[in-house]
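These notes are about the structure you will find just below.
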Amino acid sequence: MTVVEKFLGKCVNVPGDRCYFENKGIWAKTDKKFITFGLTEPALVLAGGINDLDWLVSDGEPVSIGDTIIFCITGKILYIDAPLAGHIQFNHTSKLNVSLIAHDPYGEGWMFKIKPDDAAEHELRNFSSAEHYIQSLKSTEGFKNPDGLKGGISEICKAVYSGIREQKL
């Protein structure tokens, strides 16, 4: 387990026992017949947490790579696409209690499982190791603003927030 002490003002973990879909912030872990997926702690921090979610396909339905399967309301709007082809199973507990996703994203807060088609397991090769995932995060706001300063770190943000602070409303 790699711990990033300062990531947008939070301490986040990235377990080494799974692989990562870098640009989506999704982790994957293989077990006997299924591959389990969830959101990473860094992705949850960058999204501003998770407030609600809805499934866009039915439980047990076959999905193809790229099918939009989950709609999340976070600090932003987030659509999650199927990273593999196969039959999908959702975590009903995490839908009923979305705070579980933030509190235990690598355990009970998993979001869905896919029983992959025979050829789909080869798609896991497109996922990254924990080390590569952490490297990909270095260009994000999480690493650029490790203390989680309001208004971010760009000069434009600083100017806007300074201007707002100085206004007499």
Using amide H atoms built in the peptide plane, which far-off residues or other-chain residues are under 5 Å from Leu56 H to H?
Ile70, Phe71
Test of understanding: in a Gaussian network model of the chain with alpha carbons linked when under 10 Å, which of Leu84, Leu137, Leu56 would top the mean-square fluctuation ranking?
Leu56
Amide hydrogen neighbours beyond the local backbone of Ser128, cut-off 5 Å, H modeled:
Tyr20, Phe21, Glu22
Both in Å, the radius of gyration and Dmax of the C-alpha trace of the chain are 17.6, 64
Among 23-30, 48-55, what's the highest-first ranking by average C-beta atoms within 10 angstrom per residue?
23-30, 48-55
With a cut-off of 8 Å between alpha carbons and a minimum separation of six or more residues, what is the relative contact order of the chain in percent?
26
Rounded to the nearest 500, the 222 nm mean residue ellipticity computed for the chain from DSSP H runs (n ≥ 4, each -39500 (n - 2.57)) alone is -6000 deg cm²/dmol
As straight-line cross-link partners of Lys138, the qualifying lysines (C-alpha separation under 25 Å, not fewer than 8 residues apart within one chain) are Lys6, Lys10, Lys24, Lys29, Lys76, Lys150, Lys158
Could you run the Karplus curve 6.51 cos²θ - 1.76 cosθ + 1.60 with θ = phi - 60° over the stretch 13-20 and give me ³J(HN,Hα) per residue in whole Hz, x for Gly and Pro?
10, 9, x, x, 8, 8, 10, 9
Mean-square fluctuation check for the chain, GNM, Cα pairs under 10 Å: which of Tyr79, Tyr106, Tyr20 is largest?
Tyr79
Amide H neighbours of Val63 under 5 Å, at least 5 residues apart or on other chains, H built in the peptide plane: list them.
Gly86, His87, Ile88
Over the stretch 1-53, what is the percentage of antiparallel beta bridges among all DSSP beta bridges, to the nearest 5?
100
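The numbers here are math on the coordinates, done by the rules we state, and not lab data. Bear in mind that the values here come from a model prediction, so they are computed numbers and not experimental data. In this analysis, Cβ positions are derived from the backbone assuming ideal geometry, glycine residues included, and neighbour counts consider all displayed protein chains.
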